[in-house]
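Quick note: the coordinates plus some simple rules give every number you see, no bench work behind them. Everything numeric in this text was worked out from a predicted model, so none of it was measured. Neighbour counts run over all protein chains shown; Cβ positions are idealised from the backbone, glycine included.
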Amino acid sequence: MNVRRLIVAGVATAMVSTAVLGGCGTVFGEFTTVAPAPGSPSRADIETLLASVHIVDSRPHAVGYERACTSGKGCVYGPAWSDDQDAQGGRDGCDTRNNMLALSLHATTFREGTGECVVLTGILPDPYSGASLAFDRSDAKAVQIDHVYPLAAAWDMGAHQWSREARTRFANDIEFNLLAVNGPDNLRKSDGTPSQWLPPNPAYHCFYAGKYLTVAVHYGLPITRADADAFTTVSRTCR
């Protein structure tokens, strides 16, 4: 099976539903099952990805991680949302954050004179909560762009050995590693990996597992045994 096809269709399939899916279900470990969100990968898909990713006992600590690009800082992933990179959407005249908003929102409006680069308003079907969220640029932090495989975790798991160009691409990869999500959940996730954090709506656990593992396989990044165990538990809820 071609694991690239298990990306869960990038951003398009991530925006799968505006309804919050809930209800009662069976329990696997600490996770209560509900019907997976439409477009979620199957149990077989998750198992294929798990078989394709390298699993390590624990997360190492690689020195030198500095995301900030202010004076004296390492800027190890390049300037935030840089258009000067070769991922999808790179060098198109729009920064990565606005590209993600344009891809992810419905009923989108743009600032006049920006060539549809600066998003002003729209509606986000949030892939972490399942809620339909209004976005307004005046309250931009309400919708944030998440690195599904966190940058700090990627640094520790091997990205510190990549070139600066490769890291900048990873940090701006709208096809594989970015999602527009609600701000509070993104802040709660922080740099947590799946054994520490999963979307609060269980309907999106299968989607998140497929997305995270696809990033790991595509970029050759390992996952920890604890994260693999979390995904194995999640896979039992996937259809």
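Note that the stretch 53-61 has calculated 3J(HN,Hα) couplings of 9, 7, 10, 10, 5, 8, 7, x, 10 Hz, one per residue in order, obtained from phi through the Karplus relation 6.51 cos²θ - 1.76 cosθ + 1.60 (θ = phi - 60°); glycine and proline are x.
For the chain, return all DSSP H helices satisfying: extent of Cα atoms along own axis at least 18 Å; mean Kyte-Doolittle hydropathy at least -0.5. The qualifying helices are 205-219. If you take all other residues with their beta carbon under 11 Å from the beta carbon of Cys206, and give Lys and Arg +1 and Asp and Glu -1, the sum is +3. Where both bridge residues fall in the chain, DSSP classifies roughly 90% of the beta bridges as antiparallel.
Around the amide H of Asp83, modelled in the peptide plane, lie the amide H atoms of Thr96, all under 5 Å away and 5 or more residues distant in sequence or on another chain.
Find me the longest stretch of the chain that has none of the exposed GluC sites (Glu not before Pro), where exposed means in a DSSP loop (not H, G, I, E or B) with at most 10 other Cβ atoms within 10 Å. The reported range is 113-239. The amide H of Thr224, built 1.01 Å from its N in the peptide plane, has Val56 as neighbours under 5 Å, considering only residues 5 or more places off or on other chains. With θ taken as phi - 60° and the Karplus curve 6.51 cos²θ - 1.76 cosθ + 1.60 applied, the whole-hertz 3J(HN,Hα) list for the stretch 143-154 is 10, 10, 9, 9, 8, 4, 8, x, 4, 5, 5, 4 Hz, x standing for glycine and proline.
For P(r) over Cα pairs in 10 Å bins from 0, in percent, the value computed from the atomic coordinates appears in the list (i) 7, 29, 34, 21, 8, 1; (ii) 8, 35, 40, 16, 1; (iii) 8, 32, 37, 19, 4, 0 under label (iii). Taking every Cα-Cα distance in the stretch 137-226 and sorting them into 10 Å bins from zero, the calculated P(r) comes out as 16, 51, 28, 5, 0 percent. Computed over neighbours whose Cβ is under 14 Å from that of Lys189, the net charge equals -3, Lys and Arg +1, Asp and Glu -1.
Please give the net charge around Arg239, taking every other residue with its beta carbon less than 11 angstrom from that of Arg239, where Lys and Arg add +1 and Asp and Glu add -1.
Details: positive: Arg43, Arg236; negative: Asp45.
Summing Lys and Arg as +1 and Asp and Glu as -1 gives +1.
Exposure proxy shown here: for Thr48, Thr214, the number of other Cβ atoms within 10 Å sets the order, fewest to most, as Thr48, Thr214.
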